[in-house]
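Here the structure is laid out as structure tokens; the discussion comes afterwards.
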Amino acid sequence: MSVKQISVFLENKPGALLGMTRVLAEQNIDMRAFSLAETSDFGIARIIVNDVAKTTAVLQEAGFVHNVTPVIAVAVSNTPGGLNRALTALSEASVNVEYMYAFVGGREESAYMIFRVADNEKAAAALHAAGIRLAEQEEIATL
């Protein structure tokens, strides 16, 4: 019930992000979702891609420090309150959201949220019980 997110650690300097995206573009890797967080010295690019194995191999070969993290992908209603409904389910189950980011996929009725939580199974059960659909790796890869 989880999706694999790749976190790439980048120096916070001009061209570092460009270097990573260039390598992915040259290898025809499609980023489905993207988030960038930074500190004064380093940044973390969090990406969901169409091919996790190929991406990790390409990043390794190009010398990028990265890791793979299981996250929860949720298809939320693309209407007012859609995110609130998912957050309510997580809060009522005492699941803390460490971070999250969103993207819009190929379905107009849904937006997709990526949640990083401490307990993916507990989060998935709470969301499922609330009637909220989780997206699988294959679905995200083909959007």
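The values are calculated or read from the model by the stated rules, or taken from the named source; none is laboratory data. The shown structure was predicted, so the numbers you read here are calculated from the model rather than taken from an experiment. Methodologically, a virtual Cβ is constructed for each residue, glycine included, from the backbone with ideal geometry; neighbour enumeration extends over all protein chains shown.
Per-residue answers, yes or no, for (1) small (Gly, Ala, Ser); (2) part of a strand (DSSP E or B); (3) in contact with a helix residue (DSSP H, G or I) (Cβ under 8 Å, 6 or more places away or on another chain):
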residue	(1), (2), (3)
Ala53	yes, no, no
Leu59	no, no, yes
Leu83	no, no, no
Ala125	yes, no, no
Glu139	no, no, no
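Scanning the range 88-114 for residues that are under 13 Å from Ile132 (Cβ atoms), modelled with pLDDT of 95 or more and surrounded by 14 or more Cβ atoms within 10 Å (Cβ to Cβ) yields a count of 5. All of (1) in a loop (DSSP other than H, G, I, E, B); (2) out of contact with any helix residue (DSSP H, G or I) (no Cβ under 9 Å at 6 or more places or on another chain); (3) outside the structural domain of Met113 (by TED's automatic domain parsing) hold for Arg22 with one exception: (1). Contact map, the range 3-23: first residue surrounded by fewer than 16 Cβ atoms within 10 Å (Cβ to Cβ), second residue at pLDDT below 95 and in a loop (DSSP other than H, G, I, E, B), Cβ cut-off under 8 Å, separation 6 or more or different chains; pairs are Glu11/Asp41; Asn12/Thr39; Asn12/Ser40; Asn12/Asp41.
The residues listed here are Thr79, Thr69, Thr88; of these, the one that is polar (S, T, N, Q) and assigned to a strand (DSSP E or B) is Thr69. Among the residues of the range 41-51, just one is touching a residue at least 40 places away in the same chain (Cβ under 8 Å) and either assigned to a helix (DSSP H, G or I) or of a type in the set (Asp, Glu) (or both), namely Asp51. Condition (residue is in contact (Cβ under 8 Å) with a residue 60 or more places away in the chain, closer than 23 Å to Ala25 by Cβ and not β-branched (Val, Ile, Thr)) applied to the range 52-72: is it met by at least one residue? Looking through the range 52-72, at least one residue is in contact (Cβ under 8 Å) with a residue 60 or more places away in the chain, closer than 23 Å to Ala25 by Cβ and not β-branched (Val, Ile, Thr).
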